[in-house]
Amino acid sequence: MDTDSIHSGYSHHSNRSRGSNKQSERSSRDRHKSHSRDSSSRSDKNVTISASSAQPQQPDQSSAPTDAQDDNWGETTTAVTGTSDHSLSQEDLAGFGKETEGPVEKLNCVRFLPLALILLLGLLVLITPLSFLVLPQLMWPERLQACGTACEGLFLSLAFKLLILLLAGWALFVRPAQASLPRIAVFRALLGLLTLLLLLSYWLFFGVRILDSQDENYQGIVQFAVSLVDALLFIHYLAVVLLEVRHLQPCFSLCVVRSTDGETHHYNLGQLSIQRAALVILEHYYKDFSVHNPALLTAAKSRAAKHLAGLKVYNVDGAGSDAATAQSRAKIAAAARQRDTSHNELYYEEAEHDRRVRKRRARLVVAVEEAFTHVRRLQEEEKKKPPGDEMDPREAAQAIFPSMARALQKYLRTTRQQHCHSMDSIQAHLAFCITNNMTPKAFLESYLMTGPTLQYTRECWQTRQWTLVCEASVTSPLRHGSEFQLKSSDFSLVVTSKAIPHLKLSEEYVHPKSHKFVLQLQSETSI
């Protein structure tokens with residue numbers, strides 16, 4: 001009874017301390033987010049870029065992804081199975097690691113406005129030449145001249161040109177929007193305005209010269225409609241050049257630096273506006289940059305806080321008016337003296353951390369190899385059973401996961417990756433590896449090496465809404481020395497643009513006989 005009461009008191013105290021730690025973490029994150037919002041609001045020119053498939057960001061869920069599941073899913077319960085003496089029972093694991101469903105995305109009608117305008121303009125382009133052919137047949141059919149062979153050939157040409165224009169416009173303009181830009185796309189707006197002016201001009205000419213006079217030459221009317229389709233095809237060619245071909249040649253080298261950990265990547269871009277360049281950088285960010293791990297950035301802060309927390313100041317002169325000032329000065333002096341030996345402590349801390357990581361990694365590798373050996377043994381036994389009694393890969397993954405759960409959880413906590421991998425995602429990856437007959441090394445590669453952001457679940461993405469901060473207009477083109485930032489809730493991407501220098505190659509002719517030489521043999525030499 002005594003032991004039970006002591007244990008329960010310890011558990012209650014640990015739960016209270018854990019709850020207080022979570023509350024302090026939430027308050028610190030809230031202060032950090034409010035500070036980042038204040039700093040971004042002070043900028044004069046900042047616009048927002050948001051992904052089209054992004055959900056509204058919830059501060060409590062995105063900033064604390066580990067609160068949705070039990071962080072100790074590998075250490076809470078032990079059970080005995082056939083593969084290991086230190087594993088978890090499947091019943092206890094069933095309740096942990098369930099991913100919380102995010103709120104349903106609200107319908108954003110503004111996102112579909114450009115697509116609606118494009119479809120409306122395309123419908124107008126398709127109806128206009130057909131109207132030129134149908135209206136004379138409906139208004140004065142008895143006065144029209146007969147359409148001969150040349151006119152029928154124009155009908156065939158017009159039909160195929162309209163089909164080609166329809167397919168080309170669908171391939172170039174009717175695409176799902178990957179992001180919502182803060183400003184209007186200049187070239188797309190100019191092309192749409194040019195198309196509207198062309199259609200308006202043709203309608204005015206058709207109304208004045210054909211409808212009013214009721215022209216009897218139907219072949220000329222058909223040629224007029226064909227000329228409109230030819231002009232629309234040339235506008236589409238201009239759209240391909242401006243939207244797809246113009247920026248293919250690299251003109252600028254952009255250096256992208258993440259503000260928290262300093263990870264840097266370089267990209268070569270062509271003639272693009274600042275907002276289009278920001279969109280291209282964000283597309284590359286999710287596949288090139290490693291996932292942002294804020295837990296790795298708190299090591300230096302915790303080390304400094306630990307040093308200051310270990311200092312104790314005693315007031316031997318008694319309480320006075322300047323006691324607080326003297327205490328702060330004593331702490332500053334002690335911290336300055338301790339700074340001289342802090343590099344030794346840092347060295348030994350990093351060495352100890354590396355030793356722990358290697359130890360956890362070795363245990364994880366051994367546990368995974370034993371689990372995969374057990375899977376191969378089960379597969380050999382399943383071949384002897386009837387076809388209806390075979391175990392699918394998902395069941396096999398759930399069966400062998402408890403044998404490696406503890407080692408994997410300890411390794412992820414040591415490397416501070418526990419918030420990036422849930423139990424469901426690990427089991428799904430394990431089932432994928434079993435289905436495709438992968439080796440243990442292939443399974444461990446996702447956890448031993450940090451992957452890009454897109455390789456993780458959406459809950460691990462720190463943000464899907466970005467704020468573009470730039471002194472110049474975001475619709476202005478890139479120039480040498482252009483600088484802008486892409487801010488999120490926890491970090492920012494600092495982008496610097498430099499023009500690629502002009503390269504000049506010169507040719508130097510080398511005569512073929514200049515490489516030849518004559519060897520003169522003498523009798524006194526050794527040759």
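The values are calculated or read from the model by the stated rules, or taken from the named source; none is laboratory data. This is a predicted model, so every value here is computed, not measured. As a convention, Cβ positions derive from the backbone with ideal geometry for all residues, glycine included, and neighbour counts pool all protein chains shown. For accessibility, only protein heavy atoms count, side chains too; no ligands or nucleic acids. Shrake-Rupley method; radii C 1.70, N 1.55, O 1.52, S 1.80 Å.
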Checklist entry - What is the magnitude of the charge dipole of region 110-244 about its Cα centre, with +1 placed on the Cβ of each Lys and Arg, -1 on the Cβ of each Asp and Glu, and no other charges, expressed in debye to the nearest 20? => result 640
Checklist outcome for this item: Once T373 and M438 are pulled to full extension, the length gained, defined as 0.36 nm per residue separation minus their Cα-Cα distance, is 22.2 nm
Checklist entry - How much length, in nm to one decimal, is gained on full extension between I184 and H266, taken as 0.36 nm per residue of separation minus their Cα-Cα distance? => result 26.8 nm
Checklist entry - What full-extension length gain, to one decimal in nm, is calculated for S259 and E352 as 0.36 nm per residue of separation minus the Cα-Cα distance? => result 30.7 nm
Next on the checklist: Please give me, ordered by residue number, the trypsin sites (Lys or Arg not before Pro) of region 350-445 that lie in loop per DSSP and have at most 12 other Cβ atoms within 10 Å.
Outcome noted: K384
Item to check | Above-threshold pairs, the threshold being 25 Å between Cα atoms, out of K383/K410; K410/K441; K384/K441; K287/K487; K359/K383 | outcome: K383/K410; K384/K441; K359/K383
Item to check | Apportionment of accessible area to carbon and sulfur, region 110-244, percent (1.4 Å) | outcome: 73
Checklist outcome for this item: One finds, for R209 and S290 with R0 = 60 angstrom and r their Cβ-Cβ distance, a FRET efficiency to the nearest 0.05 of 0.35
Item to check | FRET efficiency, I164 to Q522 (Cβ-Cβ, R0 56 Å, nearest 0.05) | outcome: 0.10
Item to check | Cα→Cβ-extended label distance, 7 Å offset, between I127 and R143, nm | outcome: 2.6
Next on the checklist: Show me, for region 126-133, the HN-Hα J-couplings you get by feeding each phi into the Karplus relation (A = 6.51, B = -1.76, C = 1.60, θ = phi - 60°), rounded to Hz, glycine and proline as x.
Outcome noted: 6, 7, 4, x, 5, 5, 4, 8
Item to check | Using a Förster distance of 45 Å, the FRET efficiency for H429-L172 (Cβ separation, nearest 0.05) | outcome: 0.75
Checklist entry - Gap in Å between the Cα centre of region 184-258 and the Cα centre of region 134-177? => result 16
Checklist entry - Of the peptides 173-182, 489-498, 240-249, how do they stack up when ordered by the mean number of other Cβ atoms within 10 Å, highest first? => result 489-498, 173-182, 240-249
Checklist entry - Looking at region 125-233, which GluC sites (Glu not before Pro) are in a loop (DSSP not H, G, I, E or B) and have at most 16 other Cβ atoms within 10 Å? => result E216
